[in-house]
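Below is one structure, written out as structure tokens; the observations come after it.
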Amino acid sequence: MAGSREQARSGSTVLLSLLLLAYIFNFLDRQILGILAGPIKADLHLTDAQFGAIGGLAFALLYSALGVPLALLADRTRRSAVIAGSLAVWSAFTALCGLAGSFASLFAYRLGVGVGEAGGVAPSYALIADYFPPSRRARALATYSLGIPLGLAGGTLIGAYLAAYLNWRAAFIVMGVAGLLLAPVMLVLVRDLPPAERSSGSAAPIGQVFPLLASKPSFWLMAFASSFSSLCGYGLALWTPSILERSFGLGLLDRAQFFSSLLLIGGTVGVFGGGWLADRLGGGNRAWYAWLPALAWLVSAPLFFAGFRASSLSIAWAFLLVPNALNILWLGPVTTAVQHLAPRHMRSSASASFLLINNLIGLGVGPYLMGWLSDSMKQAYGQDALRHAATLCLAFYLLAALLMALAASRLKRDWVED
């Protein structure tokens, strides 16, 4: 059995590379909306609150609700097939976004994107946990999580250039078709471990998984801490291009280059650095899986504030680079810790339970809240209202840091070893 397990794991690099590529498309299809806020809002006559609902709530509703059943399906069937099918669905709906003619139709198509992406992340976490031993798992999950900064930066830059030289509708269609072409490749090349190798038994029903997680204080503290961090992170990802336009006067391509450089440099360093540090420090003391993100969020809030209030673009870029690394550092440590709150055969469902809370609060509330605050303060602050809305929401990073620090002392007791 050990020999077959090692043989199956020999393809771990290929598997991780393909999962990373699919995750990049996941965030390409999300971030294209943020950089194209100006032309989309002008064309469809949307308020900031409406656009925030499209960018967050529309996506989060079914993305969160279907994450758990699709993870259960993945645990019972082929995780790789669920991932490939999900990629095809979200890519098709991304392409349909280019055909939207109203708030209602674009909202509906973003619901569809969320339906597809619901089946991508939790099964990928579980596949990676199957293929990589505990000593390398945080780095592997952090490598997978590089899809976030790479996808965010790519969606910002590619979307802006497609819109500048074609139009915003063509940008969605091109992105969607590219994802559809990748889906069959994923289906053929991504392989599950044999059932006997990937679990200690049959997949557990959610009726067993969630009560197990709910009994562990560290799960709730990490879930809500990550949720409040994501509230800021998703809100800033959607609205920062518009802040650069309204408060700093940047055109479409200029703000795409400015923002994508922050996402690519800062995000890549933050994600991989978090995984590397977690593997180095967490092996000796499990509390570091929580202390690392807590410290990162504590520093992120004042640096983001200084960057958004800066008097020049060069100063703003310098201040914003570091928090764009720190605010995403949590992905490797926390996703690894969540994997170890349940036995192996519950991993997809455990990840989906965590993501359900994280996405309902973070993705569902963050973009809409910033948009609503911007509309509410527009009479007082005019074009600068969005910048004020974003800086107000930075307080959630401080709350996230507090909750994650409280989780640190509880992780060792709640941890399930392989």
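Laboratory data are not the source of any read-out in this text; all were calculated from the coordinates shown. The shown structure was predicted, so the numbers you read here are calculated from the model rather than taken from an experiment. Cβ: placed from backbone, ideal geometry, glycine included. Neighbour counts: every protein chain shown.
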Check your understanding: Taking the Cα centre of the range 167-324 as the origin, how large is its charge dipole in debye, to the nearest 20, when only Lys and Arg (+1) and Asp and Glu (-1) carry charge on their Cβ atoms?
Key -> 140
Study note, to complete from the structure: Over all pairs of different Cα atoms in the range 277-331, the reciprocal of the mean inverse distance gives a Kirkwood radius in Å of 12.0
Practice item. In whole angstrom, note down how far apart the Cα centers of the range 135-175 and the range 385-418 are. Key: 25
Revision key, fill the gap. TYR165 and SER105 label points (each 7 Å along its Cα→Cβ direction) are spaced in nm at 2.7
Revision key, fill the gap. The chain, Gaussian network, Cα under 10 Å: of LEU313, LEU231, LEU264, the residue fluctuating most is LEU313
Check your understanding: Using alpha-carbon positions, what is the distance between the centroids of the range 271-292 and the range 30-68, in Å?
Key -> 33
Review point. Quick one: helix 395-414 against the long Cα principal axis of the chain, what's the angle to the nearest 10°, folded into 0 to 90?
Key: 0
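Could you work out the helix-only [θ] at 222 nm for the chain, with each DSSP H run of four or more residues adding -39,500 (n - 2.57) and the total divided by the number of residues, to the nearest 500 deg cm²/dmol? Working shown, then result.
Values: 23 runs with 334 residues, N = 418.
So the helix-based figure for the chain works out to -26000 deg cm²/dmol.
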Revision key, fill the gap. When the charge dipole of the range 357-418 is computed with +1 on Lys and Arg Cβ and -1 on Asp and Glu Cβ about the Cα centre, the Cα farthest towards its positive end, among GLY371, ASN358, GLN383, belongs to GLN383
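How many Å³ per residue does the convex hull of the Cα positions in the chain occupy? Let's see the in-between values first.
Values: hull volume 48.3 nm³, N = 418.
Enclosed volume per residue, from the Cα hull, is 116 Å³.
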Check your understanding: Taking springs between alpha-carbon atoms closer than 10 angstrom, which of GLY179, GLY85, GLY11 fluctuates most in the Gaussian network model of the chain?
Key -> GLY11
Point to revise | Backbone HN-Hα couplings from phi across the range 42-52 [Karplus 6.51/-1.76/1.60, Hz, Gly and Pro as x] | key: 5, 5, 9, 6, 9, 7, 4, 5, 5, 5, x
Review point. Roughly how many debye, to the nearest 20, is the charge dipole of the chain about its Cα centre, given +1 on each Lys and Arg Cβ, -1 on each Asp and Glu Cβ, and no other charges?
Key: 620
Revision key, fill the gap. Listed by chain and number, the lysines with an alpha carbon less than 21 angstrom from that of LYS216, same-chain partners under 8 positions apart left out, are LYS412
Check your understanding: Hey, how many Å between the Cα centroid of the range 355-373 and the Cα centroid of the range 223-242?
Key -> 7
Check your understanding: If R0 is 30 Å, what FRET efficiency do you get for GLN379 and TRP317 from their C-beta distance, rounded to 0.05?
Key -> 0.50
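Is the shape of the range 314-418 rounded, prolate or oblate, going by the alpha carbon gyration tensor and its root eigenvalues a ≥ b ≥ c, with a/c under 1.5 for rounded and a/b larger than b/c for prolate? Walk me through the numbers on the way to the answer.
Numbers: a/c = 2.92, a/b = 2.07, b/c = 1.41.
Prolate, because a/c is 1.5 or more and a/b exceeds b/c.
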Review point. Nearest 10 degrees, 0 to 90: what angle lies between the long axis of helix 103-117 and the longest principal axis of the chain (Cα atoms)?
Key: 20
Exercise for review: May I have the convex hull volume per residue, in Å³, for the Cα set of the range 117-182?
Suggested key: 88
Study note, to complete from the structure: Quick calc, the range 268-418, dipole around Cα centre from Cβ unit charges on Lys, Arg (+) and Asp, Glu (-), nearest 20 debye, gives 180
Review point. Among SER260, SER12, SER229, which one shows the biggest mean-square fluctuation in a GNM of the chain, springs joining Cα atoms closer than 10 Å?
Key: SER12
Exercise for review: Over every pair of different alpha-carbon atoms in the range 238-317, take the mean of 1/r and invert it; report that Kirkwood radius in Å.
Suggested key: 14.4
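Please sort 400-409, 22-31 by packing, taking for each peptide the average over its residues of neighbouring beta carbons within 10 angstrom, highest first. Mind dumping the intermediate values first?
Values: 400-409: 21.9, 22-31: 25.5.
Result, highest mean first: 22-31, 400-409.
On alpha carbon coordinates alone, what is the Rg over Rh value for the range 42-162, Rh being the Kirkwood radius? Kindly include the intermediate steps, with their values, before the conclusion.
Details: Rg = 16.3 Å, Rh = 15.8 Å.
The Rg/Rh ratio comes out at 1.03.
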Check your understanding: Got a sec? Charge dipole of the range 29-92, +1 on Cβ for Lys and Arg, -1 for Asp and Glu; which of ILE35, LEU57, ALA74 is way out at the positive end?
Key -> ALA74
Point to revise | Scattering profile of the range 243-367 at q = 0.17 Å⁻¹ [log10 I(q)/I(0), Debye over alpha-carbon scatterers] | key: -0.96
Check your understanding: Projected onto the charge dipole of the chain (+1 at Lys/Arg Cβ, -1 at Asp/Glu Cβ, origin at the Cα centre), which of TYR234, LEU106, GLY207 gives the Cα projection farthest towards the positive end?
Key -> GLY207
Review point. How would you rank 382-392, 144-154, highest first, on the average number of other Cβ atoms within 10 Å across their residues?
Key: 144-154, 382-392
